[in-house]
Amino acid sequence: MLANNPKVEKMTQVGKEMTQNTLKKVYTQASAVLGAKSLQDLQKKLGKKIPGVEKLEQVPQEERQKAEQGLIKGAKAGMKEFYVKQLEGQVKAAIDAGVPQEHPYIKDYQSVISKIKAL
């Protein structure tokens, strides 16, 4: 009876939309960060400076590009792990709270986790 209540249905729909919108934003941000082509681009998408970037200016030009690519690769790997772990933590908390694995909330999170892992 409670599940068929129009107010409960509306609250359920609003909650679902909020979750999906949040997950879309997370995926969009992760996609942008993991698609960065340079340190400047990566810093812009992260919205903050990467520690150690100023030290690259001291590296000779012929070695700088290789060092920059290594730093970008490491930063991207770290960010991917960060996004995945955060989302997996949300899933674990929901499951621990009693949300079944088949629930659409869990499936939405797992879908975004898979998409981020594939980036």
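May I ask you to list the residues in region 1-17 that are in a helix (DSSP H, G or I), free of Cβ contacts under 8 Å to residues at least 40 places away in the same chain and open to solvent by less than 100 Å² (accessible area, probe 1.4 Å)? Steps first, answer last, please.
Taking region 1-17 first, the residues in a helix (DSSP H, G or I) are 6-17.
When the remaining residues are screened for being free of Cβ contacts under 8 Å to residues at least 40 places away in the same chain, the result is 6-15, 17.
The answer is Pro6, Val8, Glu9, Thr12, Gln13, Val14, Gly15, Glu17.
Looking across region 1-32, the residues that are at pLDDT below 90 and of a type in the set (A, V, I, L, M, F, W, C) come down to Met1, Leu2, Ala3, Val8, Met11, Val14. When Lys117 is tested against the conditions (1) touching a helix residue (DSSP H, G or I) at 6+ places or on another chain (Cβ under 7 Å); (2) modelled with pLDDT of 95 or more; (3) open to solvent by less than 40 Å² (accessible area, probe 1.4 Å), the lone failure is (3).
Please work out if Lys107 is closer than 17 Å to Thr19 by Cβ and free of Cβ contacts under 8 Å to residues at least 24 places away in the same chain. Spelling it out, Lys107 is indeed closer than 17 Å to Thr19 by Cβ and free of Cβ contacts under 8 Å to residues at least 24 places away in the same chain.
The values are calculated or read from the model by the stated rules, or taken from the named source; none is laboratory data. Please read all numbers here as calculations on a predicted model, not as lab measurements. Reconstructed Cβ throughout: ideal geometry from the backbone, glycine too, with neighbour counts over all protein chains shown. Surface areas here come from the heavy atoms of the whole protein model, side chains and all, with no ligands, DNA or RNA. Shrake-Rupley method; radii C 1.70, N 1.55, O 1.52, S 1.80 Å.
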